Amino acid sequence: MTSPETSPFDLTDRRIVISGAAGGIGSATARLCARQGARLVLIDRVPAGEIRDRVGAAVADSAAIHSLDTGCRRAVTAMAEAVGPVYGLVDTAAIAPFDDWMAEDWDEALDQVIRANIKGPINLARAFLPGMTARGEGRIVLCGSVAGWMGGIRSGPHYAFSKGGLHAFVRWLSRQGAPHNVLVNGIAPGPVETGMTAGKGYDPQLYPLRRMAKPEEIAATAAFLCGAGAGYASGAIFDINGGTHFH
Ligand SMILES: NC(=O)c1ccc[n+]([C@@H]2O[C@H](COP(=O)([O-])OP(=O)(O)OC[C@H]3O[C@@H](n4cnc5c(N)ncnc54)[C@H](O)[C@@H]3O)[C@@H](O)[C@H]2O)c1
């Protein structure tokens, strides 16, 4: 609940796990949540030093940092045990291979996408949801995509498939969390200027705003969803897509 004295965006002393923290949206989310007062746990599959560099020392040096593959249940469970109680989880870890689904070896790419984009969120939710429900409060924010609604602007079928599944998972998970005051929501960004899209042929002139989103414009929704102001949002997928798709 918000009170007149407290900002609906305030995250003071909220402990929040951010996965994909070395990425464009994840690192922007880390910096914004820190600015709102959160204490952070930063996760990515790249080495800890790279996570620190991408997030920036000013924020990363006061955070716990874990380098692991979120697609590995064992690694995620061990990390969650080491981390202990957290209030929030923002998962932005994902991959988006740009390849040919008719290629002989494409099924390997499909497996990798399922591992990162589907097993990752499931592993993280399985590791952190029980503690949140036991404590009677928590927030989980998962990253979907406009591709999960309309098949994607440039992405492949594995990515679109995974993000459509992610949207359904958000709804399923929200029903597990809601009775325990654990709010689960998703974000479905349109094209965002990050490493995921760099050099992949995205043409900003084709989009209604004539530009791609900045990572900070997605991070703002992620941080909002962790704050008191989002206290009645549950099972929603927030379209932050610059008008590239309506539904
Ligand atoms: N950039 C876009 O246009 C766009 C659009 C829609 C949705 N999204 C989604 O937003 C989220 C963030 O994407 P981004 O644009 O910041 O991408 P990004 O590539 O900049 O960041 C993704 C991060 O996730 C990490 N990662 C990938 N697989 C992992 C794994 N198995 N375990 C741990 N870490 C892993 C990567 O190392 C990377 O640091 C993703 O879920 C992505 O699908 C992005």
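Quick notes on this one:
- Once the stretch 87-111 is narrowed to residues that are touching a Gly at 6+ places or on another chain (Cβ under 7 Å) and surrounded by fewer than 24 Cβ atoms within 10 Å (Cβ to Cβ), the residue that is farthest from Val41 (Cα to Cα) is Trp101.
- Filtered by the rule that a residue be more than 10 Å from the ligand (Cβ to nearest atom) and in a loop (DSSP other than H, G, I, E, B), the stretch 48-90 gives Gly56, Asp61, Ser62, Ala63, Gly84, Pro85, Val86, Tyr87.
- Residue match in the stretch 159-174 (condition: crowded, with 16+ Cβ neighbours inside 10 Å and either closer than 23 Å to Arg35 by Cα or modelled with pLDDT under 95 (or both)): no
- Selection status of Ala60, of a type outside the set (Asp, Glu), farther than 24 Å from Glu137 by Cβ and in contact with a Cys (Cβ under 7 Å, 6 or more places away or on another chain): no
- Filter result for the condition that a residue is of a type outside the set (Lys, Arg), in contact (Cβ under 8 Å) with a residue 12 or more places away in the chain, open to solvent by 30 Å² or more (accessible area, probe 1.4 Å) and within 19 Å of His66 (Cβ to Cβ), over Ile122, Ile140, Ile114: Ile122
- Restricting the stretch 91-103 to residues that are within 16 Å of the ligand (Cβ to nearest atom) and of a type outside the set (Gly, Ala, Ser) leaves a set whose member that is farthest from Leu124 (Cα to Cα) is Asp99.
- Among helices (runs of 4 or more DSSP H) entirely within the stretch 101-193, having at least 2 residues that are of a type in the set (Asp, Glu) singles out 106-113.
- The residue that is farthest from the ligand (Cβ to nearest atom), counting only those in the stretch 200-230 that are more than 22 Å from Met150 (Cα to Cα) and open to solvent by 10 Å² or more (accessible area, probe 1.4 Å), is Ala228.
- Residue check for Glu81: touching a strand residue (DSSP E or B) at 6+ places or on another chain (Cβ under 9 Å), of a type in the set (Asp, Glu) and open to solvent by 20 Å² or more (accessible area, probe 1.4 Å): no
- Among residues of the stretch 1-39, those that are in a strand (DSSP E or B) and either open to solvent by 10 Å² or more (accessible area, probe 1.4 Å) or near the ligand (Cβ under 10 Å from one of its atoms) (or both), counted: 3
The values are calculated or read from the model by the stated rules, or taken from the named source; none is laboratory data. The model shown is predicted, which means the values in this text are computed figures rather than measured ones. Note that we place each Cβ from the backbone using ideal geometry, even for glycine, and neighbour counts take in every protein chain shown. Each accessible area value is taken on the protein alone, full model and side chains, heavy atoms only, with ligands, DNA and RNA left out. Shrake-Rupley method; radii C 1.70, N 1.55, O 1.52, S 1.80 Å.
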